[in-house]
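Each remark here refers to the structure printed beneath this line.
The values are calculated or read from the model by the stated rules, or taken from the named source; none is laboratory data. Keep in mind it's a predicted model, so treat the numbers as computed, not measured. Here the Cβ positions follow ideal geometry from the backbone for every residue, glycine too, while neighbour counts run over all protein chains shown.
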Amino acid sequence: MPHMNFDLHCHSTASDGLLKPAELVARAAANGVTTLALTDHDDVSGLSEARAAAEARGVCFVDGVEVSVSWGGITVHIVGLRIDPGNAALRSGLESVRESRAKRAGKIGEALDAAGVPDSLAGARRYAENPNLISRSHFARYLAEAGRAPDVKSVFRHYLVKGKPGFVAHQWASLADAVGWIRASGGVAVIAHPGRYGLPRPEMRAFLAEFRDSGGAGLEIVTGSHAPEQYVEFARLAREFGLLASRGSDFHGQGESRADLGALPPLSDDLTPVWHDW
Ligand code: AMP
Ligand code: MN
Ligand code: MN
Ligand code: MN
């Protein structure tokens, strides 16, 4: 398949991206993406706009989602590709995650209040186009605007990660539930940016084994979160565990993302891409 450019992970204003779904698709098309999946956090409300925009531009569109999961005491992300956004099991699962996410947002606001940063929940809400999806990114954008730190990245470092005043431990979906919802809707489950989790090798192997045994099928290899040496590291693990390989920028917006849509290197030839039978 010459000239195919798959980008199977990115975010719109339906979660914590900076571009509306149609704007995101326009940018992807301009960058030469031939197949795009929109994978907003815990929400599928951007998919219909994105699909219509993609059809108008001749871009193949894949319905996706990125589900927040707690596993082994850490947060991991599971991407669902080719999901049916109308599926009842998926919809109610994502709704339960969004409800708990909203409660967490309240707690983050209170924690920041107690740390001398008032009104941050209202501030975060102003940055969230989808009122049902408040993410730490929205808090970070507000705190950066309020001058608490020079940019979003340093807001995370000083306020929003474990050990910092605005961090609130949270129980997300279970791995089995997230994979189950994705599969129930006809989708394929893919582990997002495995290199971000800081898992030592034995724990990473346990995670991959449990994911595969729960019905998970894919592993992101080429992602904006990985350094080139991690492409090699996770390609090896994908082969060993019999997982399909995925590629996605995890683009959120200009200035907030390491990789632009469609701009990362291709998957190496000896991997089976998640799209091999599409
Ligand atoms: P949440 O799901 O609300 O906990 O927010 C997670 C999102 O925050 C991720 O999807 C990223 O978009 C963003 N994020 C997490 N860590 C960082 C960081 N260190 N710098 C910038 N953005 C981050
Ligand atoms: Mn995000
Ligand atoms: Mn993620
Ligand atoms: Mn993402």
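Conditions first: (1) in contact (Cβ under 8 Å) with a residue 24 or more places away in the chain; (2) out of contact with any Pro (no Cβ under 8 Å at 6 or more places or on another chain). ALA115 passes all but one, so which condition is the exception? For ALA115, the failing item is (2). Taking the stretch 227-267 as the search range and keeping residues that are in contact with a Phe, Trp or Tyr (Cβ under 7 Å, 6 or more places away or on another chain) and more than 16 Å from VAL188 (Cβ to Cβ), which one is nearest to ligand 2 (Cβ to nearest atom)? Among them, the one singled out is SER257.
Return the residue satisfying two criteria in turn: it lies in the stretch 1-19 and is free of Cβ contacts under 8 Å to residues at least 60 places away in the same chain and more than 20 Å from HIS77 (Cα to Cα), and of such residues it is surrounded by the most Cβ atoms within 10 Å (Cβ to Cβ). Of everything passing the filter in the stretch 1-19, MET4 is surrounded by the most Cβ atoms within 10 Å (Cβ to Cβ). Note on the stretch 108-183: enclosed helices (runs of 4 or more DSSP H) holding 2 or more residues that are surrounded by fewer than 16 Cβ atoms within 10 Å (Cβ to Cβ) and at pLDDT 95 or above are 120-127, 152-155. Taking the stretch 211-234 as the range and being within 16 Å of ligand 3 (Cβ to nearest atom) and of a type in the set (A, V, I, L, M) as the test, the residues that pass are LEU219, ILE221, VAL222. The single residue among LEU199, LEU237, LEU267, LEU208 that is surrounded by fewer than 20 Cβ atoms within 10 Å (Cβ to Cβ), at pLDDT 95 or above and either away from ligand 3 (no atom under 16 Å from the Cβ) or assigned to a strand (DSSP E or B) (or both) turns out to be LEU237. Would it be correct to say that ALA124 is within 16 Å of ligand 4 (Cβ to nearest atom) and of a type in the set (A, V, I, L, M, F, W, C)? Taking the combined requirement at face value, the residue does not satisfy it. If you go through the stretch 29-52 and keep only what is aliphatic (A, V, I, L, M), within 29 Å of ARG101 (Cα to Cα) and either modelled with pLDDT under 95 or buried (at least 19 other Cβ atoms within 10 Å of the Cβ) (or both), you end up with LEU36, ALA37, LEU38, VAL44, LEU47, ALA50.
Where strands (runs of 3 or more DSSP E) fall wholly inside the stretch 1-107, no range has 3 or more residues that are more than 14 Å from the chain's Cα centre (by Cα) and within 16 Å of ligand 2 (Cβ to nearest atom). Within the set VAL25, VAL69, the sole residue that is within 16 Å of ligand 1 (Cβ to nearest atom) and either more than 22 Å from ALA173 (Cα to Cα) or modelled with pLDDT of 95 or more (or both) turns out to be VAL69.
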